[in-house]
1. Limited to the range B:88-129, what total is found for residues that are surrounded by fewer than 15 Cβ atoms within 10 Å (Cβ to Cβ) and in a loop (DSSP other than H, G, I, E, B)?
2. Residues to consider are A:R238, A:R292, A:R263; find the one that is of a type outside the set (A, V, I, L, M, F, W, C) and surrounded by 13 or more Cβ atoms within 10 Å (Cβ to Cβ).
3. When only residues in the range B:201-232 that are among the aliphatic types (A, V, I, L, M) and open to solvent by 10 Å² or more (accessible area, probe 1.4 Å) count, which is farthest from the other protein chains (Cβ to nearest Cβ)?
4. Being open to solvent by less than 30 Å² (accessible area, probe 1.4 Å) and in a helix (DSSP H, G or I) is the filter here; which residues of the range A:266-289 pass it?
5. Could you grab me the full set of residues in the range A:1-13 that are open to solvent by less than 40 Å² (accessible area, probe 1.4 Å) and either aliphatic (A, V, I, L, M) or over 25 Å from A:W164 (Cβ atoms) (or both)?
6. Can you say whether A:V179 is of a type outside the set (S, T, Y) and under 16 Å from the mean Cα position of the chain (by Cα), as far as the supplied structure shows?
7. So A:A215 clears everything in (1) in contact with a strand residue (DSSP E or B) (Cβ under 9 Å, 6 or more places away or on another chain); (2) at pLDDT below 85 except one condition, right? Which one?
8. With the checklist (1) in contact with a His (Cβ under 9 Å, 6 or more places away or on another chain); (2) within 16 Å of A:L89 (Cβ to Cβ) in hand, flag the one item A:E200 doesn't pass.
Amino acid sequence: MASPKTSLRVRGIHKQYGDFVAVGDLSFEAPTGVVYGLLGPNGAGKTTTLRMINNIIMPDSGSIELLDRLSPGPEAAKHIGYLPEERGLYPKMKVRETLAFFGALRGLGGKASHRQADTWLERLKLSDWRGNNVQDLSKGMQQKVQFAAALIHDPELLILDEPWSGLDPINAEVLKDIVSAQKDAGKTILFSTHLMEQAEHLCDHVCIMAKGRKAVEGRLDELKREAAAEGLVNLAFRTPEDEQRARNGVLGQSMVEGVQDERDGLLVQLAAGVESDKLLGELVADGLSIRRFERQQASLHQIFVSRVGAMADAEQEGRLADD
Amino acid sequence: MLSKKGGSQMTRQAFIIARREFLERVRNKWFAIVTILGPIGMVAAIVLPAYLSVRSVKEGFHVQVVDQSERDVADMMDIELDARGVAFKLERVPPQTDVAILEGRIRDEKIDGYLIFPKDVLSGGKVMYRGDNATNMLVTKGLSSLVDFAVFRTRGKDMGLGEIQIASLFQKVEFESKQTTGQGEATSGTASFVVGYAVMFVLYIAILLYGVAVLRSVIQEKNNRVVEIMVSSVRPISLMLGKVVGVGCVGLLQLTLWGLMAAIIVGFREEVLGLFGIPGAGAFELPHLGGADFAIILVYFFLGYFFYAALYAAIGAMVNSEQEAQQAQTPVMLMLIIPVLCVQIVAGDPRGGVAEVLTQIPFASPVLMPMRFLLDAVSTAEILASIGILLASLLGAVLLAAKVYRVGILSYGKKPSFREVWSWIRNS
C-alpha cells in the first residue's frame with residue numbers, strides 16, 4: 001500500500017444534541033507525517049470531534065476519511081491508536097495480557113500481539129511487571145501501559161485526547177518522546193489539548209476550535225508569521241534615559257498603539273498599517289541607542305486568545321444584531 | 001449490509017472479548033470456590049433443615065392433654081405413641097385446667113403445647129392443639145393421626161368390637177405412588193419431583209448468577225472507562241455478544257462440573273452417606289438422568305441465559321452504578337422469579353394446561369421446561385415449539401439490547417428515563 005498523503009480528512013462534520021451544537025460544520029485536514037494539534041478551551045468540541053473520528057459517535061452530517069480510503073470503523077481502527085481522555089484498563093488483567101488483548105482487538109495475530117507487548121514493556125521499562133495485574137501498578141505505570149495499549153499495533157495515525165491531563169512530569173516526557181519517535185517514523189499524530197505551551201512545542205499544524213466551530217487552522221509557523229505581521233515589536237534600549245526619551249518621543253506618536261512593560265524591555269503594538277521598519281527608522285533618527293529590536297513572534301497562546309476572542313466578539317455582535 | 005470480511009472480523013473480535021471474559025472469570029479464585037462449595041451449600045440448604053426438624057421430633061415434644069370427654073379417649077393415644085417415629089411425651093392434666101395456665105406454661109417453655117379433647121369429641125367435636133411447634137408438619141400430622149386413632153378406637157369399643165377386631169381394622173395399608181406418563185418406566189413420584197425441582201432451582205440460580213455477572217461486567221467496564229477504547233475498536237454488538245458468550249461459557253463450564261460432581265456423588269452415594277454415618281442409602285431411589293436429560297438442561301440453560309443476559313447487558317448500559325442497577329433490574333428479576341413461583345403448578349400437574357402454556361412463554365420456559373421434561377410430561381413437538389419461541393424471542397432481545405447498549409454504553413451521568421431509552425431503540 002502506498003503511504004497515504006492525507007491521514008485524516010474531515011469535511012463539514014456536524015453534531016448536535018437538541019439545540020446544543022457540539023461540533024458545527026468542522027473541516028480540517030492532517031497530512032501524513034505531521035503532528036496536528038486540535039486546540040481550544042474546555043467545551044470547544046474537541047473530544048466530540050475525536051470521538052467521531054474514532055467511530056464512537058456518529059456525526060449528524062459531514063464525512064470523515066482516514067488514510068485516503070477508510071471511514072471510521074473497526075477496519076480503520078486497525079490503523080489508528082487512540083488514547084481517550086478518560087483512560088482506563090481492566091484492573092484484574094495481567095499487564096502483558098492487557099497489551100496483547102488490545103493488540104488483538106486492533107488486528108494483530110496472537111503471536112504478534114504478545115511479541116509487540118514484550119517490546120513495549122521493554123521500551124517503557126515495565127518488563128518486571130508483565131505478570132502482575134494492572135491494579136498492582138502505580139498510577140504512573142498504568143499510564144505507561146495505556147500509552148503502550150494505544151501503540152501496540154503500530155498505528156499509522158495516533159489520536160490522543162488531552163494526553164497531558166493527569167500525567168506526572170516524568171510520564172509527560174515519556175509521552176513527548178513517544179510522539180517524537182512516531183513522527184520520526186513517518187506516522188501522523190493528532191492530539192487535542194487546551195495547554196498551548198505543549199502544543200507550541202510539538203505541533204506542525206493546529207486547528208483552534210471554540211464553541212464547536214473552527215476559529216483558525218493551518219501550519220503553526222505560518223500562523224505565527226501572520227500574527228507577527230500584525231505588528232508587535234520587542235524593544236530594548238541601552239540606557240533607561242534613552243527608554244524614557246523614546247517613550248516621550250516616538251513611542252508616544254500615532255504610529256504606536258500601545259506600549260507594555262516586559263521583563264527585559266518593552267513590547268510595542270504598532271498601529272494598523274504601520275510597518276516595523278518605520279518605527280526603527282524613527283528611533284534611529286532620534287539617535288537612540290537600541291539594544292534589541294525584533295518583530296515579536298506571536299505565541300500560540302496569543303494567537304489563541306486573539307482568534308477565540310475575535311470569535312466571541314463576533315458572536316456578541318451577531319447576538320446584538322439579532323436583538 | 002455487512003461485508004463478509006466485516007462479518008468475520010466481528011466474529012473474531014467477539015471471540016477475543018469472550019475469551020478475555022472467560023479467562024478472567026475462570027482464573028478468579030471465586031470460580032473455584034463457588035464450583036466446589038456450590039453443590040455442598042445447595043445440598044446443605046435442602047438437607048440441613050429437614051435433618052434438624054427430624055432431630056427435634058425425635059427428641060420428643062412435651063404436650064399436656066386436657067381430656068374433657070369423660071371417657072378417657074386420650075388414654076388410647078398412648079398405645080400408638082411411638083408408631084410413627086415421632087416421639088411425644090403426653091402428660092394428662094385435669095380436665096378443668098384453665099387455658100391461661102397452659103398458655104403460661106408454653107410461655108415459660110415448660111411444655112411445647114397442649115391438646116384439648118372436648119366433651120363431644122366422639123360425636124364430631126373439634127380437637128384443638130396449641131403449641132410453639134404447630135408449624136412443624138411432622139408434629140401436626142403425628143398428633144392428628146394419634147387423635148384419629150384414639151377416637152376411632154373408642155368408637156369401635158362402643159360398637160362392641162374386641163381388641164383383635166380393632167387391631168385388624170387399623171392394620172396399616174401399604175401405599176406406593178410412582179410418576180409415569182405412560183411413556184417410560186415409572187419412577188418414584190417424590191424422587192422425580194425432588195430432581196425436577198433441583199434442576200429448576202439450579203437453572204434459576206445459574207441464569208440469575210450469570211445474567212447479573214454480565215450486568216456487573218458492563219457497569220465495571222463503564223466505570224473504569226475501558227469502554228471508550230473498546231467501542232472505538234469494535235462494534236458495540238461484538239462487545240455485547242463477546243461479553244455474553246464469555247460469561248455464558250463460564251456458566252456452562254460450571255454447570256458441567258456440577259453435573260459431573262453430582263453424577264459422582266450419586267454413583268457413590270452409599271459410600272458418601274456412609275461417611276456421614278447414615279446407613280441404608282439404598283432406601284432412596286433416584287430417577288436415572290440420561291444423556292437426553294442433560295442435553296435438554298444445557299440447551300435451556302444456554303438459551304435462557306442468553307435471553308436474560310442480553311436484557312441484563314442492556315440494563316448495564318443504561319445505568320451508571322450498581323446501586324442504580326439494583327433498581328433498574330427489577331423488571332427482569334420479576335420475569336425470572338414469576339416462573340419459580342409457578343413451579344408448584346407445573347410440578348403438581350405437569351401435563352395440565354397451565355404447565356403447557358407456561359413452558360411456551362419465553363421468559364418462563366428455560367426454568368420450567370427441563371423440569372417437565374424430567375417428569376416425562378412433554379411431547380417432542382412441545383419442546384421444539386418452546387425452543388423455537390425461545391430462540392425467536394432471544395434474537396429479539398439481543399437486537400433490542402444491542403440498540404440500547406450502543407447508545408447507553410457511552411452515556412455517563414444521569415440515568416436515562418424510559419422515554420429516552422425508547423428513543424435510543426427507535427433512532428438507532
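1. Within the range B:88-129, residues that are surrounded by fewer than 15 Cβ atoms within 10 Å (Cβ to Cβ) and in a loop (DSSP other than H, G, I, E, B) number 10.
2. A:R292
3. B:V202
4. Answer for the range A:266-289, where residues must be open to solvent by less than 30 Å² (accessible area, probe 1.4 Å) and in a helix (DSSP H, G or I): A:S276, A:L279, A:L283.
5. Matches in the range A:1-13: A:P4, A:T6, A:L8, A:V10, A:G12, A:I13.
6. yes
7. (2)
8. (2)
The values are calculated or read from the model by the stated rules, or taken from the named source; none is laboratory data. Note that this is a predicted model, so its numbers are computed, not measured. Here the Cβ is made from the backbone with ideal geometry for all residues, glycine too, and neighbour counts use every protein chain on show. Each accessible area value is taken on the protein alone, full model and side chains, heavy atoms only, with ligands, DNA and RNA left out. Shrake-Rupley method; radii C 1.70, N 1.55, O 1.52, S 1.80 Å.
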